[in-house]
Amino acid sequence: METTSSALDEDFQALCELLEGVLDPERANVPQLKEELDARLEELKKLLDVPPKNDATRNKLRTGKLEIDGAEYGLNEQFAQETAQLSDDFNMDEILAAKLLLRGTEAAESIDRTPIQSAKFLYHGRRKNLLDAIRLMFSYVVDENVGNAARVVLADATENLVASGGTHTFSERCISAMAAVRSAVQQLREKCRHAQTLGMAPDPGFIEDLELQLRFLRNQHEMLASIVFYLVKSKRTVLADFKRLLQVVKGLDRYDVFMAHHMLPLFAFIGTLCGIESPLSFGETIGLHKEMLKDYRESAWTLRPVQAAVMVWWLSEFNGICRDPPSSNTASVTQLDYGLDVYNPMKTALKDGGLESIMAISADISAEYPLNSAKEDLHRFLQTRVPPLEDVSVLLPPFKTLLISQLEIFIDSFISNMADLLKEIKTREEEDVLLTRRNGTFDHELERFFLTIYYVYQGRRDAGITFWNDPESNLHGFLTWASTRQTPFMAATFSYMLAAIANGNECADAAHKFLLDEMIPGSTKNRRTFYISWDHIFGRFQKYIQQLEKSANALAPNAAYKPPPPPTETEELEELTLSHYVWSKLDSWALGLPSVNTGALPVGGSSAVVKNGFGRGASENFDLIVSTVHPAEAFSNLIAKLVEPSVEVAGLKDALPFPENLGSSNRTSGMEPYTDFILGTIFSNSTIANLPQELAINPEKQETPSERVYCT
């Protein structure tokens, strides 16, 4: 309908398509891009702002008539109610809400939703495209692969956008828009909780509408964070924006994607403020450093490990500029005491969970996907204060790529600027092992750093080439140093790190030479320090093989040994009795009953209501099984082994593989509760969606049979 055309109708789809083709020579169309930008620039300047609802337009709505684009419409009661609902939900002028609902009515058939649902979809779709267009514009300004003609057009457009904020910077407006998005998410959650409180059964359409809006809002928040990131990288922000971000994160109270979104521009800010081309003088940077130290000591954030992570990142970058200050400001270094202003605060931040928080973020966004129980056990041991991010699966690949790039910068900075701290950490941890101290000085911080590197580089072919291409670099020196005198825990996490940065042909070849000792400076013969190498690795394998051979020889029969005769009926009965004993012990454990020394199950105390065939006492034990993938898999394998007929039993295998009266004193007899638990709980509930959040499953990966059970 021509009468419903307005600024709200523009969905920016055409502009997004033109921007997406900028890097493709076959799709790039600079003249058309310029024309589209000129036509849409005024709408882009408004960002997500819409005229708020007001009494004047609400009163017009109550009259039952509205004038839209010069045409007068008569409103029925349902249309008026839905218009008012849209106005309340989006804090939007009622006339704009009516226009939006008209568009939703027109699109309802093609979208296959009700008019109001279609209107909400169009509203969020427009916001998504608008933010995506702005994100692409700013990203291309700092992208060296963009052609000169397109770069000039985009640079002019972004300058106009940045200058459109009036008294507020464009980044400040983006940060405010992020707060508005979080507020909208909170309103949706409150609406859902309100319905639950009233005992109202949720309508399937309501749940679908809610989930769709939440996903749209999370993506909008993510794109706004990316826009602020690009504003920082292109030096279109001010110090007040950095402080504003710090204040926002200070008030966050959940480890969710909204917290992760703020980390991206914050980390970029730190690198910029402490960089060579910092907008601050060295003296101003020192003043900001003093301010941040004071705030860290006196004003703890709700999420203390996140505050510690920001401090670890800041101190690492700040120490870099202190080690090589601008020549005109070298006198300012005398204002600092390295121990009091950098070294000790860094140790405090590590103790408060700073590196653990960074490791947790890197794990949440990592491309790592294999089910690896050993690595997961290491990770759980090292991540105890910081839970996995909520809703991490909704993070989009472009955002993850940006955050990974910042983590690479941190790794380089921490290695280059905090080498003395790394040395102390390693020395202290070695002493803790030698002296069997349980509570170490640094609590495995080096292992956390190793795993951080593992998560950042895992699954990215040849991304770790910076560790290998220059034997004189800090990164290569770190590898050489880290491979010396390792404790068992260091060796385990170092191996994961080494495997991650050896991914790809070039990196694999370099890692092979490293383990051959061909890349380590100096002569092997003159070396007094032990380095990990292929010789060491295969030497350990050989040692284990020898130990196994000794065990095998000890069990070998002597020359007079004669093979046993075929099993008799008595021996078969003994084997079955042993199986029955295992079943009885398992059933006792499953029921939550006290352990006994005989195969008989205790009677009594079992009148609880049965769930999955077991009493209430079983819930805690079974919760332990389904909490992670590997115990669930092990339990399933145990049951499968117990019901498997013995290969030694000849003839007809018609005996039950479990006691006929299994559990009869406490529940319905038989093994049905076990099969019900495996099929009804483990199998039916173990999907990609509810696997442990630290496991990012790659849908393109071909699963092994055991993994396929948990990824259906």
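The values are calculated or read from the model by the stated rules, or taken from the named source; none is laboratory data. The model shown is predicted, which means the values in this text are computed figures rather than measured ones. Using ideal geometry, Cβ is built from the backbone for each residue, glycine included, and neighbour counts are taken over all protein chains shown. All accessible areas refer to the heavy atoms of the entire protein, side chains included, with ligands and DNA or RNA removed. Shrake-Rupley method; radii C 1.70, N 1.55, O 1.52, S 1.80 Å.
Summary of computed values
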item	result
Single residue of the stretch 128-171 satisfying the filter (polar (S, T, N, Q) and not in a helix (DSSP H, G or I)) that is farthest from the chain's Cα centre (by Cα)	Thr167
Any hit, the stretch 472-483, residues being in a loop (DSSP other than H, G, I, E, B), open to solvent by less than 20 Å² (accessible area, probe 1.4 Å) and of a type in the set (S, T, N, Q)	yes
Qualifying position, being more than 36 Å from the chain's Cα centre (by Cα) and either under 30 Å from Asn148 (Cβ atoms) or outside any helix (DSSP H, G or I) (or both), among Lys53, Lys99	Lys53
Of residues in the stretch 189-213 being acidic (Asp, Glu) and farther than 20 Å from Val394 by Cα, the one modelled with the highest pLDDT	Glu190
Those residues of the stretch 289-315 which are open to solvent by 10 Å² or more (accessible area, probe 1.4 Å), under 19 Å from Thr237 (Cβ atoms) and touching a residue at least 12 places away in the same chain (Cβ under 8 Å), in sequence order	Met292
Test result for Glu67, more than 21 Å from Phe121 (Cα to Cα), open to solvent by 30 Å² or more (accessible area, probe 1.4 Å) and touching a Phe, Trp or Tyr at 6+ places or on another chain (Cβ under 8 Å)	yes
The stretch 90-120, subset crowded, with 19+ Cβ neighbours inside 10 Å and β-branched (Val, Ile, Thr), residue modelled with the lowest pLDDT	Ile95
Residue satisfying all of: in the stretch 434-459; among the aliphatic types (A, V, I, L, M) and free of Cβ contacts under 8 Å to residues at least 40 places away in the same chain; least open to solvent (accessible area, probe 1.4 Å) among these	Leu435
Residue match in the stretch 359-366 (condition: closer than 25 Å to Met490 by Cβ, under 17 Å from the mean Cα position of the chain (by Cα), modelled with pLDDT under 90 and surrounded by fewer than 18 Cβ atoms within 10 Å (Cβ to Cβ))	no
Residues (more than 12 Å from Ser588 (Cβ to Cβ) and open to solvent by less than 60 Å² (accessible area, probe 1.4 Å)) located in the stretch 655-666	Pro657, Phe658, Pro659
Number of the condition not met by Asp377 [criteria: (1) without any contact (Cβ under 8 Å) to a residue 40 or more places away in the chain; (2) surrounded by 16 or more Cβ atoms within 10 Å (Cβ to Cβ); (3) over 17 Å from the mean Cα position of the chain (by Cα)]	(2)
Scan of the stretch 426-484 for residues that are modelled with pLDDT of 90 or more, farther than 12 Å from Met497 by Cβ and polar (S, T, N, Q), ordered by number	Thr427, Thr466, Asn469, Ser473, Asn474, Thr480
Within the stretch 484-519, tally of residues that are open to solvent by 40 Å² or more (accessible area, probe 1.4 Å) and at positive phi	1
Residue in the stretch 244-255 that is among the aromatic types (Phe, Trp, Tyr) and under 24 Å from the mean Cα position of the chain (by Cα) present	yes
